[in-house]
Amino acid sequence: MTQFRTENRSNFSWNCSKPAINQIMFIILAWLFAAVVAIHNLEEAVFLPAWSERAGRWHRPVGAKEFRFAVFVLTVLAGVAALIATVQGRESFGAYVLTGYALAMLLNVTFPHLLVTLAMGRYMPGTATALVLNLPVTAALLHQAFREGYVSSARFTLAGPAVVLAIVLLIPTLFYAGRKLLPNTGRASG
């Protein structure tokens, strides 16, 4: 019969201190954020171009290929932001980019998704994932980031809106790049 050695157990210890658990929670929420952005953007990529043809003043018509190009790049950027934030840690450039992106997605829940859905009286693609996924995950990520010192209120007051503005300005640039890189993007075509 084989005997297992049990001496030297003191060399192994479970270090589950509260700061370590909170750091793990931030990392989990960062990657969960990237995942819900991907799911949200997938819903929009499939349904929003055709919807935009009938949205009137609420959304200009956008071609399927250019829109899908833009949301693909934005999805990749969410993953890159999560990676940089988790590697660089507290009070880092990456932490502010990630939380700024989270602020943008949190604002995106209300406008355009919820407000346009209510104003038009019909569903705007992305509203379900915005409410069910983006809202709770971004709120939890931002809460954890402030709670654990990944971002400070003073710096986030500047960095958060700056990232939101950068994303807003990037979107038409991505549409333009999508039109140029993927020619013949018929409106609302698959």
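Quick notes on this structure:
- Scanning the range 1-50 for residues that are over 18 Å from Val109 (Cβ atoms), under 12 Å from the mean Cα position of the chain (by Cα) and either modelled with pLDDT under 95 or open to solvent by less than 90 Å² (accessible area, probe 1.4 Å) (or both) yields a single hit, Ala30.
- Selection count where residues are open to solvent by less than 50 Å² (accessible area, probe 1.4 Å) and either outside any helix (DSSP H, G or I) or in contact with a Leu (Cβ under 9 Å, 6 or more places away or on another chain) (or both), scope the range 70-92: 12
- Residue within the range 116-129 that is part of a loop (DSSP other than H, G, I, E, B), under 22 Å from Val76 (Cβ atoms) and open to solvent by less than 50 Å² (accessible area, probe 1.4 Å) present: yes
- Sub-8 Å Cβ pairs linking a first residue in the range 74-86 that is free of Cβ contacts under 8 Å to residues at least 24 places away in the same chain and of a type in the set (A, V, I, L, M, F, W, C) to a second residue that is surrounded by 21 or more Cβ atoms within 10 Å (Cβ to Cβ) and assigned to a helix (DSSP H, G or I), at least 6 apart or interchain, are Ile84/Val97; Ile84/Leu98, ordered by first then second residue.
- The set of residues from the range 149-176 being assigned to a helix (DSSP H, G or I), among the small types (Gly, Ala, Ser) and open to solvent by 30 Å² or more (accessible area, probe 1.4 Å) comprises Ser153, Ala154, Ala162, Ala166.
The values are calculated or read from the model by the stated rules, or taken from the named source; none is laboratory data. Keep in mind that what you see is a predicted model, and the values were worked out from it rather than measured. Reconstructed Cβ throughout: ideal geometry from the backbone, glycine too, with neighbour counts over all protein chains shown. SASA here: full protein model, heavy atoms, side chains in, ligands and nucleic acids out. Shrake-Rupley method; radii C 1.70, N 1.55, O 1.52, S 1.80 Å.
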